[in-house]
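Written out below as structure tokens is the structure these notes cover.
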Amino acid sequence: MSIYWNERVKNLSPYVPGEQPRDRKFIKLNTNENPYPPSPKVMAAISNTIAAEKAQAPGARLRLYPDPACTELREAIAVRYHVRPEQVFAGNGSDEVLAFAFAAFFNSDTDDSNTALPVLFPDITYSFYPVYANLWDVPFRTIPLAEDFSINIEDYKTACGGMIVPNPNAPTGLALPLNSILAAAEYQKNSNHVLIVDEAYIAFANTPGVESAVPYINDNPNLLTVHTLSKSASLAGLRVGFAIGNKDLIEGLCRIRDSFNSYTLDRLALAGAAAAVSDASYYDNINGKVIATRDRVSAALTARGFNVIPSSANFVFIRFPAKTGAEAFAALREKGILVRHFNKPRIADYLRVSIGTDAEMDSFLEACEEIEGSY
Ligand SMILES: *Cc1c(COP(=O)(O)O)cnc(C)c1O
């Protein structure tokens, strides 16, 4: 607390990111990064940009501001997702895109003279949502997940100021079928409110009926899908995310961005990201490996008496047979394995474990066995 902080800063309760150890000796399963390297085409695109710079060749542009409209990246995304470039917004990680979306589409108490209806999201979900709501003074109401952590979409058919949901959800890994997402979009459309679907993990979903909502943006002008290159494109270090939706929604996001920082993506990130979205086959292959490892680890843990929530993401949400979440977290850390523990009601005995390489997950399974055996 400082006497120089204004009321806004005093009242924030910021998101706490997962630990990024500096000494690298951990098996790092705590922030849902992809264990495989990014596409070689990403490295080539970034190196070409740097090579041009070193040679001061015609492509050398680092002394100039980047393209504020991110034109080439948006065109590459449009090709990949079969949409038009004006239906795409690119930002500095999907966290930034989400923060802009809260500012652009959800009414705040201040601009609606305390009559704004609350935005809805699950009680157990991505913990940045309440942070953004508080930052922009957006009132919100959380809807409890069912006992088995599933989302009942009927619970969201109630007067509100809009809705946001990750599909698959985090940290549970459970996914909603497309027809539930479309029912929610329809409901929100009828009261002129926005539905944001955060598809950070959709590339890892192989459950029948679970699909991206992107093909439905033309029928639902109130539907915004949000995407990230951090997980499925192995580029958490590059900081690139994007949104796909009706062009008027995209324009709303641009209005917020250009009231804040017009150049949110640098030239190296733009080059690398465009290469990544253009290399679907490379990513289908590595993400297929992540899915296979996830399913193998889930089956092994279930056989050992762990409670494993069926995952459609690149992590599993698990409860040890005879350890509390805090005990299991500490014991794994002791063995050099970092996972994520949320000390929150209902989920304090669960750990979220990102899927690493097969070798990393074998070490994890071995550690789990030792920890339970020592009880
Ligand atoms: C990781 C994650 C993000 C953030 O992604 P960045 O693009 O790295 O900012 C957004 N939403 C959910 C649900 C996530 O898990």
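Tell me the carbon and sulfur percent of the accessible area for segment 20-151, rounded to whole percent, probe radius 1.4 Å.
Details: 3680 of 6880 Å².
That share works out to 54 percent.
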Relative contact order [Cα under 8 Å, 6+ residues apart], the chain, whole percent:
22 percent
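When N is the residue count of the chain, what does its C-alpha Rg come to as a fraction of 2.2 N^0.38 Å? List each step's numbers first, then the result.
Numbers: Rg = 21.1 Å, N = 375, 2.2 N^0.38 = 20.9 Å.
After normalising by residue count via 2.2 N^0.38 Å, the value is 1.01.
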Using only Cα atoms, locate the centre of segment 238-259 and the centre of segment 155-196, then give the distance between them in Å, rounded to an integer.
20 Å
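Once you sort the root eigenvalues of the Cα gyration tensor of segment 185-272 as a ≥ b ≥ c, which label holds: rounded (a/c under 1.5), prolate (a/b larger than b/c) or oblate (the other case)? Kindly include the intermediate steps, with their values, before the conclusion.
Working: a/c = 2.89, a/b = 1.18, b/c = 2.46.
Oblate, since a/c reaches 1.5 and b/c is not below a/b.
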Taking 0.36 nm per intervening residue step and subtracting the Cα-Cα distance, what contour gain separates residue 346 from residue 15 on full extension?
117.2 nm
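At a 1.4 Å probe, what is the % contribution of carbon and sulfur to the accessible area of segment 213-343?
Details: 2480 of 5010 Å².
Ligands and nucleic acids excluded, carbon and sulfur reach 50 percent.
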Arranged from highest to lowest average of other beta-carbon atoms within 10 Å per residue, in what order do the peptides 171-181, 204-214 appear?
171-181, 204-214
Alpha-carbon gyration tensor eigenvalues x 5, square-rooted, for segment 255-360, Å
34, 21, 12
By the C-alpha gyration tensor axes a ≥ b ≥ c (rounded if a/c is under 1.5, else prolate when a/b exceeds b/c, else oblate), the shape of segment 79-152 is oblate
Per residue, how many Å² of accessible area does the chain show with a 1.4 Å probe?
46 Å²
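If you take every residue apart from residue 147 with its C-beta less than 15 Å away from the C-beta of residue 147, what net charge results, scoring Lys and Arg +1 and Asp and Glu -1?
Details: positive: 319, 346; negative: 123, 148, 155, 349.
Here the count lands on -2.
For residue 146 and residue 307, compute 0.36 nm times the residue count separating them, minus their Cα-Cα distance, and round to one decimal in nm. It would help to have the intermediate numbers written out before the result.
Numbers: separation 161, 0.36 × 161 = 57.96 nm, distance 1.60 nm.
This chain segment gains 56.4 nm when fully extended.
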Quick one: which residues, 5 or more positions from residue 315 or on another chain, have an amide H under 5 Å from its amide H? H modelled 1.01 Å from N in the peptide plane, none for Pro or chain starts.
355
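Rounded if a/c is under 1.5, else prolate if a/b is larger than b/c, else oblate: which is segment 1-69, with a ≥ b ≥ c the root eigenvalues of its Cα gyration tensor? Spell out each step's value before the answer.
Values: a/c = 3.11, a/b = 1.44, b/c = 2.17.
It is oblate, given that a/c is not under 1.5 and a/b is not larger than b/c.
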Modelling each spin label as a point 7 Å along the Cα-to-Cβ direction, I'd like the residue 65/residue 255 distance in nm, to one decimal.
2.1 nm
Straight-line reach from residue 28: which lysines have Cα under 19 Å away, leaving out those fewer than 8 places along the same chain?
231, 289, 335
Among the lysines, which fall within straight-line cross-link reach of residue 54, defined as a Cα-Cα distance under 29 Å, with same-chain neighbours fewer than 8 residues apart omitted?
41
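Considering only the other residues whose Cβ falls under 10 Å of the Cβ of residue 361, what net charge follows from Lys and Arg at +1 and Asp and Glu at -1? If you can, show how the numbers build up before the last one.
On the way: positive: 294, 296; negative: 358, 360, 362, 366.
Once positives and negatives cancel, what remains is -2.
The values are calculated or read from the model by the stated rules, or taken from the named source; none is laboratory data. Every value quoted in this text rests on a predicted model; they were computed, and no experiment measured them. Using ideal geometry, Cβ is built from the backbone for each residue, glycine included, and neighbour counts are taken over all protein chains shown. Surface areas here come from the heavy atoms of the whole protein model, side chains and all, with no ligands, DNA or RNA. Shrake-Rupley method; radii C 1.70, N 1.55, O 1.52, S 1.80 Å.
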